[in-house]
Amino acid sequence: MFIISQAVYNDHRELEVYYNEIVNNLGNHKHQERFGHLFAWELARHSAGEELIIYPAFEQHLGARGREMAERGRTEHRDIKEHLKVFQRMTATDDEYVGKLNEIWSTLAKHMGDEEESDMPALESRLQSMPGESESMAKRFGWTKVLVPSRSRNAVVHPPFATVLDLLTAPIDQIAETLRHFPDPESCPNLPTR
């Protein structure tokens, strides 16, 4: 089983693969849209996992610094979610499709870098004195991702309540429709496997 920082890192690499599939396949609109759906889906799931599991752990285990880290993360998520809502209404034939994705990626890449270089190592350092806690968090993080809706909703007022409400109000047909528009794993050898 993974420790929590490895679970977060793996998600980041997965998002990077999806982003690259979109920006490196200009003109192949069907391919771009399929990976656009997958990118949005994974980003929504990852963000909810961070808001429900990671940020409360920052606050609990890292004191004032952890509260600052969590608030910074939530603020970045709000910005990313606003751009993601616009991106999800677009199609790959829209002139601004890749540009909007690049706006999201610009903020997201910095966010992921901060987490990997500073935030998660600080948390892992604190969790070392708590045997099994990092692994347990990784498991809970994975489970939150199973329950996430397919589209970003309104900006989160104060997690986790709005996120949990989002989880409960996700229309099943909307999730099913999104899943139908994902890339075919057999035709995409670069897809990460879990």
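The values are calculated or read from the model by the stated rules, or taken from the named source; none is laboratory data. A quick note: this is a predicted structure, and the numbers were derived from the prediction, not measured. Please note that ligands, DNA and RNA were not included when accessible areas were found on the heavy atoms of the full protein model with its side chains. Shrake-Rupley method; radii C 1.70, N 1.55, O 1.52, S 1.80 Å.
Using only Cα atoms, figure out Rg for segment 64-105 and give it as a multiple of 2.2 N^0.38 Å. Kindly include the intermediate steps, with their values, before the conclusion.
Working: Rg = 13.6 Å, N = 42, 2.2 N^0.38 = 9.1 Å.
Normalised Cα radius of gyration, segment 64-105: 1.49.
Straight-line reach from Lys110: taking Cα to Cα under 19 Å and skipping same-chain neighbours fewer than 8 places apart, the lysines in range are Lys81, Lys100. Sorting Val146, Val86 by solvent-accessible area of protein heavy atoms yields Val146, Val86, largest first, with a 1.4 Å probe.
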